[in-house]
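Undergrad: My questions will all concern the structure given below.
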Amino acid sequence: GAVVSQHPSRVICKSGTSVKIECRSLDFQATTMFWYRQFPKQSLMLMATSNEGSKATYEQGVEKDKFLINHASLTLSTLTVTSAHPEDSSFYICSARDQTGRQETQYFGPGTRLLVL
Amino acid sequence: QKEVEQDPGPLSVPEGAIVSLNCTYSNSAFQYFMWYRQYSRKGPELLMYTYSSGNKEDGRFTAQVDKSSKYISLFIRDSQPSDSATYLCAMTTGGSQGNLIFGKGTKLSVKP
């Protein structure tokens with residue numbers, strides 16, 4: 001099956017700093033990537049949809065200036081949490097959709113656990 | 001009412017038991033139904049994918065969709081300790097515009 005990687009797998013940072021998370025599709029080209037956030041015992045919540053070469057589409061309630069998304073190539077999308085605060089501590093998961101374009105064919109990365117002190 | 005409802009559990013069963021996991025939903029436009037398995041501190045892994053109503057079997061896993069009742073199920077036969085994980089249902093209207101909507105996940109523990 002298709003493989004999606006994320007880096008780093010875990011990050012601890014001080015409040016006020018920025019953190020960048022990378023999402024890569026390793027063996028296929030992903031025109032669309034998705035960023036989710038998952039709080040403990042909660043479902044995955046879609047934050048934004050990222051299309052290669054264009055601006056990301058953010059879900060309602062997600063601050064686009066705080067969560068910067070860049071999708072510069074067909075295999076890489078990055079999420080930067082700017083001026084992170086303790087309430088941003090969460091499990092961030094990306095997924096990538098292959099070029100069949102169907103929502104049901106999303107492949108998920110292993111997730112990045114962010115802890116903001 | 002949330003779009004997708006799933007009992008978070010936890011659900012604890014002995015090894016070898018048949019496990020039944022369920023989700024209900026409210027949006028009749030959902031056409032594609034998925035079950036994901038998520039181990040602790042890992043990303044979700046697609047287990048089963050079903051289009052519209054009906055059953056689908058893959059090894060020890062069977063997915064059922066009843067669109068008339070807006071109810072989907074995942075059955076695990078001969079459950080193993082390695083099946084211990086959180087199981088998330090997800091669904092979408094399909095196509096390039098429909099996003100995946102997830103249930104909260106049911107935490108399953110299979111005791112040896």
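The values are calculated or read from the model by the stated rules, or taken from the named source; none is laboratory data. All figures in this text were calculated on a predicted structure; none of them were measured in a lab. Neighbour counts are summed over all protein chains in view; Cβ atoms, including those assigned to glycine, are modelled from backbone coordinates with ideal geometry. Only protein heavy atoms, including side chains, enter the accessible area calculation; ligands, DNA and RNA are left aside. Shrake-Rupley method; radii C 1.70, N 1.55, O 1.52, S 1.80 Å.
Undergrad: Here is a check on your reading of the model: is residue B:26 modelled with pLDDT under 90 and out of contact with any Cys (no Cβ under 6 Å at 6 or more places or on another chain)?
TA: no
Undergrad: Among the candidates B:45, B:57, B:15, B:5, single out the residue that is open to solvent by 60 Å² or more (accessible area, probe 1.4 Å), more than 19 Å from residue A:93 (Cβ to Cβ) and free of Cβ contacts under 8 Å to residues at least 12 places away in the same chain.
TA: B:57
Undergrad: Considering only residues that are part of a loop (DSSP other than H, G, I, E, B), under 23 Å from residue A:46 (Cα atoms) and open to solvent by 50 Å² or more (accessible area, probe 1.4 Å), which ones fall in the range B:68-96?
TA: Matches in the range B:68-96: B:70, B:93, B:96.
Undergrad: For the range B:96-103, does any single residue satisfy the condition of being of a type outside the set (S, T, N, Q) and more than 9 Å from chain A (Cβ to nearest Cβ)?
TA: Checking the range B:96-103: not a single residue is of a type outside the set (S, T, N, Q) and more than 9 Å from chain A (Cβ to nearest Cβ).
Undergrad: Yes or no: residue B:80 at pLDDT 95 or above and more than 26 Å from residue A:98 (Cβ to Cβ)?
TA: yes
Undergrad: To continue, here is another question. Restricting the range B:40-67 to residues that are farther than 16 Å from residue B:102 by Cβ and in a loop (DSSP other than H, G, I, E, B), which is nearest to the other protein chains (Cβ to nearest Cβ)?
TA: My answer is B:41.
Undergrad: How many of the residues making up the range A:14-73 are at positive phi and open to solvent by less than 80 Å² (accessible area, probe 1.4 Å)?
TA: The total comes to 3.
Undergrad: Now for a different question. So residue B:34 passes all but one of these: (1) within 22 Å of residue A:59 (Cα to Cα); (2) in a loop (DSSP other than H, G, I, E, B). Which condition number does it fail?
TA: Tallying (1) within 22 Å of residue A:59 (Cα to Cα); (2) in a loop (DSSP other than H, G, I, E, B), residue B:34 fails exactly one: (2).
Undergrad: With respect to residue B:112, determine if the residue is open to solvent by 30 Å² or more (accessible area, probe 1.4 Å) and either under 10 Å from the mean Cα position of the chain (by Cα) or not charged (D, E, K, R) (or both).
TA: Considered against the rule, which asks whether it is open to solvent by 30 Å² or more (accessible area, probe 1.4 Å) and either under 10 Å from the mean Cα position of the chain (by Cα) or not charged (D, E, K, R) (or both), residue B:112 comes out as yes.
Undergrad: For the range B:16-27, state whether one or more residues are under 30 Å from residue A:56 (Cα atoms), in a strand (DSSP E or B) and away from chain A (no Cβ under 12 Å).
TA: yes
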